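Chemist: One structure coming up, written as structure tokens, with questions to follow.
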Amino acid sequence: MKDLITQLAQAVAPSGSERQFQETLLSYVKDLADEVKIDRLGNGIARKHGDGPHIVLAAHADEQGVMVIDIDDHGFLRIIGIGEQTPSLLVGRSVRFTNDEIGVVGAEDDVKVQDLTLDHLYIDIGAATKEEAQKRVHIGLSGVVVEPVVSLTDHLLTGRALDNRVGCAIAIEAFREAAQKGLNVSVVFTAQNAVGARGAKTAAYQLEPDFAIVIDATPAGDTPEASRNDIQLGAGPAVKIMDSSTIVPIAVKDHLIESAERAGVQIQYEVWTKGRSDAGNIQLSVDGILVGGVSYPARYTGRTSTVVDLRDAKAALDLVLEAVRSFGQ
Amino acid sequence: MLLKTLTEAMGPSGFEDEIRNLIREEVSPHVAKMYTDVLGSLYCENTVQTGPRIMLDAHMDEVGLMIVHIEENGLLRFKPIGGIDPRVLVSKPVQIGTEKRFGVIGAKPIHLQSPDERTKPLGINQLYIDIGAKDKKDAEQVVKLGDVCVFATRYEELGDNCAKAKSFDDRVGCAILIETLKKQFQVPLVGAFTVQEEVGLRGATAAGYRVQPDIAIALEGTVCFDVVGAPSHGQSTVLGGGPALTVQDSQTIADRAFLEFMISVAEKHNIPYQLRRVKGGSNDFGAIHKTRDGVIGGGISVPVRYIHAPAQIISLEDYQNAILLTEAIVRAISEGGFTI
Amino acid sequence: MERENHKETLLHLLSGHGGPGFEEAVASKVRTAFSEYTSEIRTDTLGNVIATVHGFGGKSAPSIMLSAHMDEIALVVTKIEAGGFLRVAQSGGFDPRTLVGQEVVVHSRETLRGVIGSKPPHLTSPEERKKAAPLEDLYIDVAMAEERVRSLVRVGDRVTLHRETMELLNHRVSGKALDNRTSIAIILETLKYLQGLKHQADVIAVASVQEEVGMRGAATAAYGVNPDIAIAIDVTFADMPGQDPDESFKLGAGPAVSFGPNIHPKVFRGLRDTADKNGIPYQLELSQGPTGTDGAAFQIARRGLATGVIGIAIRYMHCSVETGSYDDIVSCGRLLAHYIASITTEDVEGLSCY
């Protein structure tokens, strides 16, 4: 799974620019799917018809980023955020755009760190004039902070976009196993999660599953002076109890806890009151869809680089598989 | 003069009756089918059945005020409908209710204010509308709680082919849509004049679900701040720079293929265009594209200086170019120029 | 005084515990109460209880949905600290200042009673007393050894207020969760009153879930039921010194009928005219955008629903001593029953005509 995660984390796919990456993601599942498609909002969907209730595995494919909004006479770019960005974290970092152009983020002088907004930042791509810059970038072009994936230990990985490429990897493997068993399962690599779970909304409407499992990161609270949060890296996947978008139905929560017991997976419980996931928009689609969440702990979610534990990812896969297998029995 | 008629009509969110009737009158000779929905949005359809179903959207509503309380001395308390900065309200006239009765929003004379007071903006709670009533009983003869008001601003042309009025957001979009509906297209076309955009894209949410378009375009008046002291990346749009296309706003990230298609149509027809360069704000497409299984499309906006304020300015050239671009895009789609 | 058919039911409902996403204990009480009027009761995926009472209109009968959310604001355990003290987060909107010294119920493997701790005045500095503690700094004390707490309580367990309901002067009732179980009592009073009236319309009574976290149950109930008219019944603010005059309603002066962009003008006029015609007292509530009720979700469900909002005023909303008048509940029930009885198929057709 480490190789798969590392490979997926290479892709540059800020919200709204997922299409190319979706081709890659779908290439891992299409041999087992009856139908694959990329829909209007950019969701990548693979469907396998089979026995039993229709279960959807959902993992967002996108990541937060920046978008070029202005090019000045000297070739410097101005940006807006894609998703919530902390401006101070971008200063001095390299940005890679979806067309592989690279630039460095600078900040206007004389602005205090606490007053810094994205309006004070610019990207230097080394262009001397507006015309020169316009040959390489355009307004509306998106990019992400460069941060390679590195192994900290045998189990710990750090890097950009591990949130949620780890989830994509889990969803790929879970879909493959479930499809091979002949189960009635779909996988959705959702688009535009970081800007408000927009893809999840339209994906849920078209699939109308009997049950959906959202696979995403949850912040770990095991770092120095972290805010009160019981989640620890390496202590197993977290069963979602609630986040700001959803309250998981008690029956689904119990199903996931029992599945974990059967699969011999040690679990934690996710109460992430500020977190937004795809689960809410899936749950509130049509006249309501049963939704649950399996989350892997990640340190520094929402920052440019996160830390995850591959053992949590592996255990999350085991839990998802058992939850899919035993749903409705 | 269409822009004059539309911008001087009343229609705060939820109270679109007057503007809806005007639009209905204007388009009825030109469209095959017209109906309203339960929220009050007005739909106009042609009879063409084959080809991608196109929805053009413009919202009828505007920001306004609602009378919420009458003081013993006859002054009226109010609250905003939609986003209004209270700082633009002081010393402005308004028109109240279907009778369009005049009222003025005054303030304590500067002579009586302490130096400290003068530097602080006045909040909605410190402002009152004066209709000339002697007392509460007098006011109650002509005003009911829940009556709504809009800015009393005349439409006038000024400067270099520019115009000033209230509610160019989004009566300019309504005007573009009306002009487009007067033309004939060989593609299924639904014009949706929606309600309640200013209070959360509510009319468009129901409209997108109902119409189920293949392609939707919101026609809007949008933020323009190309004024003294504003850096290029703080302007959003430039007056006279042509209709603006959205790349990202608070509700939408543009579909790249459709954006490039719109740009190619503009370039082919030599219609000037610009890209809207700000993340804040949104338009009805933000709601429409998330309905059902998702909708492809975008937004075409006319730059409006001082949007949501009593006196807004547009370039009539931008307006004319937006009409040309909208027509050219619909024609290009009807000729198979864009495949979903 | 008018007849109080369901005051006992209300007191019974108020004794139940059910926050957003764990309404089942309250839902079962609601089902029992609804079953007095119909056997056609279902529960949807999110947990909304949906009961249908047919009119005489047959297949083409107008359908009117009356909805009242049954969830109450709650807390959720986020961490078990050394010593067995529990940290919590919001599941709904508490003012943390009202929580200090409050008795609570922790819904864990066993139902536990607890107290939200407060530092005695002897130990607090004058400086500290000037500050209100944020929710993160509050804790629940269940008076148990840490080991036993850990064996019983899990992160994610819910917490609700403990409060016995009290009857005050002038048919006023005080306790927790009057927001919004009083509105379920209104539905019951409506159904009771409707038994004495002829009505063409089918009534779909909904006890909705998860209103306190953003009208979530309302969204799926509206999509599933898809009625011609959807009326949200929810509480509003009774007068208190310092409140804006347009956000202050009188206790005992009848229900507040809402008007504004969220409300279909014909539904508003229908409710207002019904009240005038039948001599039922009411008050006018104005809003300038989506209301903070299930009605906000109803209006934009599917192709849009004709929406009304009505409810009684209560004092001290989101505290454990919410206070309202049963007289208002009875008035509101009568008003809704007469309104429903007045609705015909033609009225429904007119809702899309502007």
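The values are calculated or read from the model by the stated rules, or taken from the named source; none is laboratory data. Quantities reported herein were computed from a predicted structural model and do not represent experimental measurements. Note that each Cβ is placed from the backbone with ideal geometry, even for glycine, and that neighbours are counted across all protein chains shown.
Chemist: Which number in (1) touching a strand residue (DSSP E or B) at 6+ places or on another chain (Cβ under 7 Å); (2) closer than 24 Å to B:G64 by Cβ marks the one condition that C:I310 misses?
Modeler: Going through (1) touching a strand residue (DSSP E or B) at 6+ places or on another chain (Cβ under 7 Å); (2) closer than 24 Å to B:G64 by Cβ one by one, C:I310 breaks only (2).
Chemist: Would you mind stating whether C:R148 is out of contact with any strand residue (DSSP E or B) (no Cβ under 8 Å at 6 or more places or on another chain), outside any strand (DSSP E or B), away from chain A (no Cβ under 14 Å) and in contact (Cβ under 8 Å) with a residue 60 or more places away in the chain?
Modeler: Details: out of contact with any strand residue (DSSP E or B) (no Cβ under 8 Å at 6 or more places or on another chain): yes; outside any strand (DSSP E or B): yes; away from chain A (no Cβ under 14 Å): yes; in contact (Cβ under 8 Å) with a residue 60 or more places away in the chain: yes.
Considered against the rule, which asks whether it is out of contact with any strand residue (DSSP E or B) (no Cβ under 8 Å at 6 or more places or on another chain), outside any strand (DSSP E or B), away from chain A (no Cβ under 14 Å) and in contact (Cβ under 8 Å) with a residue 60 or more places away in the chain, C:R148 comes out as yes.
Chemist: Give me the pairs: first residue in the range B:182-208 and more than 24 Å from B:G82 (Cα to Cα), second residue among the aromatic types (F, W, Y), beta-carbon distance under 8 Å, and six or more apart or on different chains, which are they?
Modeler: B:V190/B:Y43
Chemist: While we're on this one: For C:E40, all conditions in the list (1) more than 23 Å from C:T220 (Cβ to Cβ); (2) acidic (D, E); (3) free of Cβ contacts under 8 Å to residues at least 60 places away in the same chain hold save one; what is the number of the exception?
Modeler: Answer for C:E40: the failing condition is (1).
Chemist: Is it true that some residue in the range B:24-43 is without any contact (Cβ under 8 Å) to a residue 12 or more places away in the chain and out of contact with any strand residue (DSSP E or B) (no Cβ under 8 Å at 6 or more places or on another chain)? Please lay out each step first, then the result.
Modeler: Going residue by residue through the range B:24-43, those that are without any contact (Cβ under 8 Å) to a residue 12 or more places away in the chain are B:25, B:28-29, B:34-35.
Then keep just the ones that are out of contact with any strand residue (DSSP E or B) (no Cβ under 8 Å at 6 or more places or on another chain); that gives B:25, B:29.
Yes, some residue in the range B:24-43 is without any contact (Cβ under 8 Å) to a residue 12 or more places away in the chain and out of contact with any strand residue (DSSP E or B) (no Cβ under 8 Å at 6 or more places or on another chain).
Chemist: Can I ask one more? May I ask you to list the residues in the range C:49-84 that are within 14 Å of another protein chain (Cβ to nearest Cβ) and surrounded by fewer than 17 Cβ atoms within 10 Å (Cβ to Cβ)?
Modeler: Scanning the range C:49-84 gives C:E81, C:A82.
Chemist: Which ones in the range B:278-314 are part of a strand (DSSP E or B) and surrounded by fewer than 24 Cβ atoms within 10 Å (Cβ to Cβ)? Give the steps one after another, and end with the answer.
Modeler: Quick first cut of the range B:278-314, residues part of a strand (DSSP E or B) only: B:296-305, B:312-314.
Selection gives B:I296, B:G298, B:R305, B:I313.
Chemist: Of the conditions (1) more than 14 Å from chain A (Cβ to nearest Cβ); (2) in contact with a Ser or Thr (Cβ under 6 Å, 6 or more places away or on another chain); (3) part of a strand (DSSP E or B), C:V100 clears all except one; give me its number.
Modeler: Failed condition: (3).
Chemist: Residue by residue through the range A:295-329, note down the ones that are at pLDDT below 95 and more than 27 Å from A:S94 (Cβ to Cβ).
Modeler: Answer for the range A:295-329, where residues must be at pLDDT below 95 and more than 27 Å from A:S94 (Cβ to Cβ): A:G328, A:Q329.
Chemist: Checking the structure you have, find out if any residue of the range B:297-304 is free of Cβ contacts under 8 Å to residues at least 60 places away in the same chain, on the phi < 0 side of the Ramachandran plot and within 14 Å of chain A (Cβ to nearest Cβ). Reasoning before the result, please.
Modeler: First, pick out the residues of the range B:297-304 that are free of Cβ contacts under 8 Å to residues at least 60 places away in the same chain: none.
No, that holds for no residue.
Chemist: Determine if the range C:237-248 includes at least one residue that is within 14 Å of chain B (Cβ to nearest Cβ), among the hydroxyl-bearing types (S, T, Y) and within 19 Å of the chain's Cα centre (by Cα).
Modeler: Step one: filter the range C:237-248 for residues within 14 Å of chain B (Cβ to nearest Cβ), giving C:237, C:239, C:242-248.
From what is left, the residues that are among the hydroxyl-bearing types (S, T, Y) are C:248.
Adding the requirement that they be within 19 Å of the chain's Cα centre (by Cα) leaves C:248.
Yes: one or more hits.
Yes/no matrix, rows are residues, columns are (1) within 27 Å of C:Q90 (Cα to Cα); (2) not small (G, A, S):
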position	(1), (2)
C:G279	no, no
C:E285	no, yes
C:T293	yes, yes
C:G311	yes, no
C:M317	yes, yes
C:Y326	no, yes
C:S331	no, no
C:R334	no, yes
C:D347	no, yes
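Chemist: Looking at the range A:259-273, can you tell me whether even one residue there is of a type in the set (V, I, T) and at pLDDT below 95? Even if it seems obvious, please write down each step before you answer.
Modeler: Pass one, the range A:259-273, residues of a type in the set (V, I, T): A:265, A:267, A:271, A:273.
Filter once more, so that each one left must be at pLDDT below 95: A:273.
Taking every residue of the range A:259-273 in turn, at least one turns out to be of a type in the set (V, I, T) and at pLDDT below 95.
Chemist: Give, as residue ranges, the helices (runs of 4 or more DSSP H) completely inside the range B:87-181 that count at least 2 residues that are surrounded by 15 or more Cβ atoms within 10 Å (Cβ to Cβ) and out of contact with any Gly (no Cβ under 9 Å at 6 or more places or on another chain).
Modeler: Qualifying helices (runs of 4 or more DSSP H): B:168-181.
Chemist: Moving to a separate point now. So C:A89 ticks every box in (1) farther than 23 Å from A:S227 by Cα; (2) in a strand (DSSP E or B) but one. Which box is left unticked?
Modeler: Evaluating C:A89 over (1) farther than 23 Å from A:S227 by Cα; (2) in a strand (DSSP E or B) leaves (1) as the failure.
Chemist: Among residues belonging to the range C:107-131 that are in contact (Cβ under 8 Å) with a residue 24 or more places away in the chain and either over 35 Å from the mean Cα position of the chain (by Cα) or over 17 Å from C:A89 (Cβ atoms) (or both), point out the one that is nearest to the other protein chains (Cβ to nearest Cβ). Before you say what the answer is, go through the steps one by one.
Modeler: At the first step, the residues of the range C:107-131 found to be in contact (Cβ under 8 Å) with a residue 24 or more places away in the chain are C:107-110, C:112-117.
Filter once more, keeping what is either over 35 Å from the mean Cα position of the chain (by Cα) or over 17 Å from C:A89 (Cβ atoms) (or both): C:109-110, C:112-113, C:115.
Working: C:R109: 12, C:E110: 16, C:L112: 17, C:R113: 21, C:V115: 19 Å.
Ranking the qualifying residues of the range C:107-131, first place goes to C:R109.
Residues are listed down the side, and each one gets a yes or a no for (1) buried (at least 24 other Cβ atoms within 10 Å of the Cβ); (2) under 15 Å from B:I300 (Cβ atoms); (3) more than 13 Å from every other protein chain (Cβ to nearest Cβ):
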site: B:V190; (1), (2), (3): no, no, yes
site: B:D214; (1), (2), (3): no, no, no
site: B:G234; (1), (2), (3): no, no, no
site: B:I253; (1), (2), (3): yes, no, no
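Chemist: Let me ask something additional. Identify all residues within the range A:10-43 that are over 15 Å from A:R198 (Cβ atoms) and either within 13 Å of chain B (Cβ to nearest Cβ) or assigned to a loop (DSSP other than H, G, I, E, B) (or both); write none if there are none.
Modeler: Hits for the range A:10-43 are A:Q10, A:A11, A:V12, A:Q20, A:Y28, A:V29, A:A33, A:D34, A:K37.
Yes/no matrix, rows are residues, columns are (1) farther than 26 Å from A:A161 by Cβ; (2) among the hydroxyl-bearing types (S, T, Y); (3) in contact with a Pro (Cβ under 7 Å, 6 or more places away or on another chain); (4) buried (at least 20 other Cβ atoms within 10 Å of the Cβ):
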residue: A:N229; (1), (2), (3), (4): no, no, yes, yes
residue: A:A263; (1), (2), (3), (4): yes, no, no, no
residue: A:A279; (1), (2), (3), (4): no, no, no, yes
residue: A:Y296; (1), (2), (3), (4): no, yes, yes, yes
residue: A:G302; (1), (2), (3), (4): no, no, no, no
residue: A:T306; (1), (2), (3), (4): no, yes, no, yes
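Chemist: Would you confirm whether any residue within the range C:152-160 is of a type in the set (D, E, K, R), within 14 Å of another protein chain (Cβ to nearest Cβ) and farther than 30 Å from C:F34 by Cβ?
Modeler: Taking the range C:152-160 as the starting set, the residues that turn out to be of a type in the set (D, E, K, R) are C:154, C:157-158.
Next, from what is left, pick out any that are within 14 Å of another protein chain (Cβ to nearest Cβ): C:154, C:157-158.
With the extra rule that they be farther than 30 Å from C:F34 by Cβ, the set shrinks to C:154.
Yes, because at least one residue in the range C:152-160 is of a type in the set (D, E, K, R), within 14 Å of another protein chain (Cβ to nearest Cβ) and farther than 30 Å from C:F34 by Cβ.
For every residue, the table says whether it meets (1) hydroxyl-bearing (S, T, Y); (2) crowded, with 18+ Cβ neighbours inside 10 Å; (3) in contact (Cβ under 8 Å) with a residue 24 or more places away in the chain; (4) touching a Lys or Arg at 6+ places or on another chain (Cβ under 9 Å).
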site	(1), (2), (3), (4)
C:D244	no, no, no, yes
C:F259	no, yes, yes, yes
C:P281	no, no, yes, no
C:E285	no, yes, yes, no
C:P290	no, yes, yes, yes
C:D294	no, yes, yes, no
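Chemist: Hey, among B:H269, B:H308, which residue is away from chain A (no Cβ under 14 Å) and at pLDDT below 95?
Modeler: Details: B:H269 fails: at pLDDT below 95.
So the residue among B:H269, B:H308 that is away from chain A (no Cβ under 14 Å) and at pLDDT below 95 is B:H308.
Chemist: Hey, does the range B:59-77 have a residue that's outside any loop (DSSP other than H, G, I, E, B) and more than 14 Å from chain C (Cβ to nearest Cβ)?
Modeler: First pass over the range B:59-77, keeping only residues outside any loop (DSSP other than H, G, I, E, B): B:59, B:62, B:64-70, B:76-77.
Pick out the ones that are also more than 14 Å from chain C (Cβ to nearest Cβ) and you get none.
No: the range B:59-77 contains no residue that is outside any loop (DSSP other than H, G, I, E, B) and more than 14 Å from chain C (Cβ to nearest Cβ).
Chemist: Next question. Being over 16 Å from A:D163 (Cα atoms) and either within 11 Å of chain C (Cβ to nearest Cβ) or in contact (Cβ under 8 Å) with a residue 40 or more places away in the chain (or both) is true for just one of A:V214, A:V252. Which residue is that? Outline the logic, then answer.
Modeler: Numbers: A:V214 fails: over 16 Å from A:D163 (Cα atoms).
Criteria check complete, one pass: A:V252.
Chemist: Mind checking which residues of the range C:246-257 are surrounded by 24 or more Cβ atoms within 10 Å (Cβ to Cβ) and at pLDDT below 95?
Modeler: Of everything in the range C:246-257, nothing turns out to be surrounded by 24 or more Cβ atoms within 10 Å (Cβ to Cβ) and at pLDDT below 95.
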